[in-house]
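The structure appears right after this line, and notes come after that.
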Amino acid sequence: MHLVIHHIRFCVKDSVEFSLLLRDKLGFSLYGNRKSNNANCTSGIVLRHNNITFVIDERNHSANGPSDHLCSGNLSQNVDTVCDICFACTNIPSFFVEHPQLTKELVVAPVTENHLTDGIVSYAVIKSPIGNLQHTLIDLSKFKGAFLPGFETYDHQSMNNYFESIDHIAYALNTGRSQNVLKWYRELLGFTRLFINQDDDEEDGFVVKVGSKGMRLKAAHASVVDHCNTTQDLLYSTPKFVVCESLNASAQSDQIGLFLSKHLSEGVQHIAFKTNDIIKSVSHLQSHGLNCISPPNSYYLNKSKSAEIQALKFDKNLLQSHNVLVESHLRSCASKSDEWFILQCFTRPVFPEDTLFFEVIQRYQTNSGFGAGNITALWKAVQHDMFKKKC
Ligand SMILES: O=C(O)C(=O)Cc1ccc(O)cc1
């Protein structure tokens, strides 16, 4: 099954406030709203930024949204959170036939076909293996309407261009759970393992260890189809997940443990936006008051990092003032084809519970992996940032 992320749905206490943050600080535009008979309804705000679409719903314990489950529901959340990652795909009925393991308990809404004036929409909703998160599968190949049935859309000329698409989504998991979560995505949605970098071991994943603390990371991506033109196209729109677990099951003293205790379950820890000009993107965040995490002081002072930055012909001061991390592989001679670099910057958490954060990533000649050095630097920076209040 070929999957593309259609939208990500959030469930928050105050949808207007979170939408304002996304609009003012991250440059999202208002694209639509869920139609409602209630004039005061603030749920179902649709925001767009290039190829990224978010739907913002409000937490609600008494009513769980319209009963048809079409990109709604799962609102009974105790904290602000990502509650649904919706995949556009085709052939949903055969997906269910091929996966008899999808028992009733795992299906939130069975395959439903809606015949509308704008065409036909088929969808189903399944529970993901992760905490409070569900996946909507939606087939819009026979739908000619704007966004989705049940939503009204607006013209949005003021489209910003700070981010192009979603590069990857990271999940925070309980210790020991990565293998089962990846197995679920492999067996049900046909994901394949993606190696984080050359130090990633098939079984053990990529381990970051600083002192007695650390985390284990593994990654996977959805299968790619062969009707795209280039490998670039293939990975561009393909969902990619990174799963992260603490090395220490009882730790609340690390960022994964702290996420789990504040989020009250496993869930989406960060969403990475791809850009082709990280300085422009981060300048926008900074000038609109969305702070990014500063790497440790020693990061830019390190001699080999300075040499790496110089070899890439980047301005070290500019990178430092924008809190941008750098990782590269440059060949000094012969073929330039295996040169690559990754530039990354991470925002502070955006929810009141200090859970979800965003990442901005710029890639050159690498579509998938993550630099070992950048991950370790981020781990140190986040540890410092999250726990300095407690010191
Ligand atoms: O580098 C990335 O973008 C990753 O996704 C890896 C990662 C995952 C979780 C962390 O807390 C820090 C880094």
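The values are calculated or read from the model by the stated rules, or taken from the named source; none is laboratory data. Note that the structure is predicted; figures quoted are calculated from it, not measured. Methodologically, a virtual Cβ is constructed for each residue, glycine included, from the backbone with ideal geometry; neighbour enumeration extends over all protein chains shown. Note: areas computed on protein heavy atoms with side chains; ligands, DNA, RNA excluded. Shrake-Rupley method; radii C 1.70, N 1.55, O 1.52, S 1.80 Å.
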Kindly indicate whether SER306 is farther than 27 Å from GLN77 by Cβ and outside any loop (DSSP other than H, G, I, E, B).
-> yes
Where a residue in segment 273-286 is in contact (Cβ under 8 Å) with a residue 40 or more places away in the chain and its partner, wherever it lies, is aromatic (Phe, Trp, Tyr), with Cβ under 6 Å and at least six apart | PHE273/PHE163; THR275/PHE163; SER281/TYR162; HIS284/TYR162
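Taking the residues in segment 116-130 that are open to solvent by 40 Å² or more (accessible area, probe 1.4 Å) and at pLDDT 95 or above as candidates, determine which candidate is farthest from the chain's Cα centre (by Cα). It would help to see each step written out before you state the result.
Going residue by residue through segment 116-130, those that are open to solvent by 40 Å² or more (accessible area, probe 1.4 Å) are 116-118, 120, 127.
Okay, now just the ones that are also at pLDDT 95 or above, so 120, 127.
Numbers: ILE120: 29, LYS127: 18 Å.
Filtering first and then ranking leaves ILE120.
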Would you mind finding the one in HIS284, HIS227, HIS270 that is modelled with pLDDT of 95 or more, open to solvent by 10 Å² or more (accessible area, probe 1.4 Å) and outside any helix (DSSP H, G or I)?
-> HIS270
Report the residue count in segment 85-112 for those that are open to solvent by 20 Å² or more (accessible area, probe 1.4 Å) and closer than 20 Å to GLU152 by Cα.
-> 1
Selection from segment 139-187 of residues that are polar (S, T, N, Q), within 16 Å of the ligand (Cβ to nearest atom) and open to solvent by 20 Å² or more (accessible area, probe 1.4 Å) | ASN174, THR175
Selection within segment 85-137 - more than 16 Å from GLY73 (Cα to Cα), out of contact with any Ser or Thr (no Cβ under 8 Å at 6 or more places or on another chain) and either in the same structural domain as ASN180 (by TED's automatic domain parsing) or assigned to a strand (DSSP E or B) (or both) = ALA88, HIS115, LEU116, GLY119, ILE120, VAL121
Complete set of residues in segment 340-388 that are of a type in the set (Val, Ile, Thr), closer than 13 Å to ASN197 by Cβ, buried (at least 18 other Cβ atoms within 10 Å of the Cβ) and within 11 Å of the ligand (Cβ to nearest atom) = ILE342, ILE375
Any idea how many residues of segment 344-388 are among the acidic types (Asp, Glu) and in a strand (DSSP E or B)?
-> 1
Out of all the residues in segment 159-170, is one or more in contact with a His (Cβ under 6 Å, 6 or more places away or on another chain), in a strand (DSSP E or B) and not assigned by TED's automatic domain parsing to the domain that holds SER72?
-> yes
